[in-house]
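Here's the structure, in structure tokens; my notes come after.
The values are calculated or read from the model by the stated rules, or taken from the named source; none is laboratory data. Source: prediction; values computed, not measured. When we count neighbours, we look across all protein chains shown, and the Cβ atoms used for this are built from the backbone with ideal geometry, even at glycine.
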Amino acid sequence: MQPERCSNGYSKSSFARSSTDKTEGCTIKAIVNGRVIVGNRIVEESVVLFDKTIVAVDPSVNLDKIECIDAKGAYVSAGFIDLHIHGSGGADVMDATPEALKTISDTVLQTGTTAFLATTMTMAQEAIDNTVDNVREHRASLSGAQIVGVHLEGPFINPKKQGAQDAHFVQEPDYAAIEKHMDIVKMITLAPEMEGSERFIKKIRECYDDVVLSIGHSDADYDMAVRSFHWGISHATHLFNAMPPLHHRSPGIVGAVFAEEEVTCDVIADLVHLHPAILKSVWRQKGEKMMLITDAMRAGCMKNGEYSLGGQRVFVDNGRATLENGTLAGSVLKMNEAVANMVRHTGMSLPQAVAAVTQIPAKKLKLNKGVLAEGYDADIVIFDEDFSIITAIVAGKVQYQRSE
């Protein structure tokens with residue numbers, strides 16, 4: 001599916017911009033013959049015209065002398081956004097090397113992810129500092145999926161709900177520990193019941209309106225969760241996992257998220273962390289407040305075997321990643337598989353499932369991404385009926401092409 005010169009069959013429009021115009025060296029291109037996912041619709045016979053941003057989505061664009069990518073009937077959507085990913089391709093964000101970031105960035109393109117939050121673990125403060133510094137220094141040099149910020153998953157969690165996090169490194173919420181990183185931090189997962197959380201949450205909310213505060217790895221009850229929403233938490237990390245179960249007399253965090261209309265959440269749709277019936281229930285309850293994440297670790301897109309996460313041994317077999325004691329340790333989920341699972345097992349339409357990895361997370365993070373509409377970043381994926389990624393475009397450039 002290589003670009004080719006295209007001047008066939010499409011009527012001229014009032015589109016006045018020359019096909020040879022460039023935006024910072026990026027020539028205007030067009031995707032033709034695709035089934036374009038726009039909002040809740042799948043639009044056929046529409047052309048996606050783009051340079052570094054989307055120029056137009058229109059069936060009547062003049063394509064004379066424009067480079068065309070023939071989608072050959074495949075689906076075309078905005079690029080996927082992963083709010084929560086630790087690693088892939090054998091690399092982990094906490095490796096704190098430019099090579100690790102490049103490996104992750106290049107690897108996740110084949111899953112449709114064109115932007116992500118580099119997610120840390122609960123480890124020594126020095127390790128977290130080195131990791132965030134590495135992301136800040138090297139993310140601009142990546143040619144694959146873009147790192148749009150850092151997600152601090154801990155260390156401000158409850159050791160009772162540590163999951164695969166190392167409880168030895170849990171800290172009380174401390175603004176001073178992360179203040180120097182707030183230029184790049186876009187999301188923080190924390191347990192609001194821990195000492196000092198109220199003060200911390202209110203400080204972040206007062207100073208950083210664009211940072212998402214998320215309840216997770218928490219043992220909070222319903223009342224505590226609701227209070228934390230009033231303080232400034234607006235999201236829940238991997239709902240149901242690493243938190244108390246939903247009970248009809250003790251609804252806990254899940255019940256609070258369901259009850260509070262404006263609180264968003266994300267889920268790991270790998271059919272391991274959550275039963276399909278639960279995935280369907282979350283979607284029915286939260287609708288456009290639900291997002292999909294992978295929570296993938298370094299074994300993502302790799303073979304079964306032994307890996308590591310946060311300094312702990314992880315064993316991967318048949319789609320499950322577990323610590324030695326059997327605790328789930330992140331996932332090996334691919335983002336295109338998450339979309340497929342929601343369509344196949346919950347009754348979500350394809351546009352609804354795609355929205356959960358594009359426009360909904362983009363809106364949450366206040367990104368100019370996630371929508372195929374004029375002016376939005378030209379992060380685009382083309383995928384087939386089996387949800388296999390054919391092409392991934394980042395900032396108007398083809399950065400991944402499936403080999404035929």
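Below is a table of values for the structure above.
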{"read-out": "Close pairs from the stretch 361-383: first on the phi > 0 side of the Ramachandran plot, partner hydroxyl-bearing (Ser, Thr, Tyr) and surrounded by 21 or more Cβ atoms within 10 Å (Cβ to Cβ), Cβ under 7 Å, at least 6 apart", "value": "Gly370/Thr358"}
{"read-out": "Leading residue by the ranking (farthest from Thr27 (Cα to Cα)) among those in the stretch 359-404 that are in contact with an Asp or Glu (Cβ under 9 Å, 6 or more places away or on another chain) and among the polar types (S, T, N, Q)", "value": "Gln359"}
{"read-out": "Qualifying residue in the stretch 276-284 (condition: more than 26 Å from Thr103 (Cβ to Cβ), assigned to a helix (DSSP H, G or I), among the polar types (S, T, N, Q) and assigned by TED's automatic domain parsing to the domain that holds Met335)", "value": "yes"}
{"read-out": "Within the stretch 31-55, considering residues that are within 25 Å of the chain's Cα centre (by Cα) and small (Gly, Ala, Ser), the one surrounded by the most Cβ atoms within 10 Å (Cβ to Cβ)", "value": "Gly34"}
{"read-out": "Leading residue by the ranking (nearest to Met291 (Cα to Cα)) among those in the stretch 201-217 that are in contact with a helix residue (DSSP H, G or I) (Cβ under 6 Å, 6 or more places away or on another chain) and part of a helix (DSSP H, G or I)", "value": "Ile201"}
{"read-out": "Lone qualifier among Ile233, Ile253 - being out of contact with any Lys or Arg (no Cβ under 8 Å at 6 or more places or on another chain), assigned to a loop (DSSP other than H, G, I, E, B) and without any contact (Cβ under 8 Å) to a residue 60 or more places away in the chain", "value": "Ile233"}
{"read-out": "Flag for Ala220 being farther than 22 Å from Val272 by Cα and either part of a helix (DSSP H, G or I) or basic (Lys, Arg) (or both)", "value": "no"}
{"read-out": "Which listed residue, of Ala145, Ala191, is more than 30 Å from Pro244 (Cβ to Cβ), in contact (Cβ under 8 Å) with a residue 12 or more places away in the chain and either surrounded by 23 or more Cβ atoms within 10 Å (Cβ to Cβ) or not assigned by TED's automatic domain parsing to the domain that holds Asp106 (or both)", "value": "Ala145"}
{"read-out": "Hits in the stretch 161-185 (condition: closer than 29 Å to Pro245 by Cα and assigned to a helix (DSSP H, G or I))", "value": "Lys161, Ala167, His168, Phe169"}
{"read-out": "Hits in the stretch 285-324 (condition: out of contact with any strand residue (DSSP E or B) (no Cβ under 7 Å at 6 or more places or on another chain), part of a loop (DSSP other than H, G, I, E, B), at negative phi and in contact (Cβ under 8 Å) with a residue 24 or more places away in the chain)", "value": "Met302"}
{"read-out": "Elements of type strands (runs of 3 or more DSSP E) in the stretch 25-114, at least 2 residues being without any contact (Cβ under 8 Å) to a residue 60 or more places away in the chain", "value": "29-38, 41-50"}
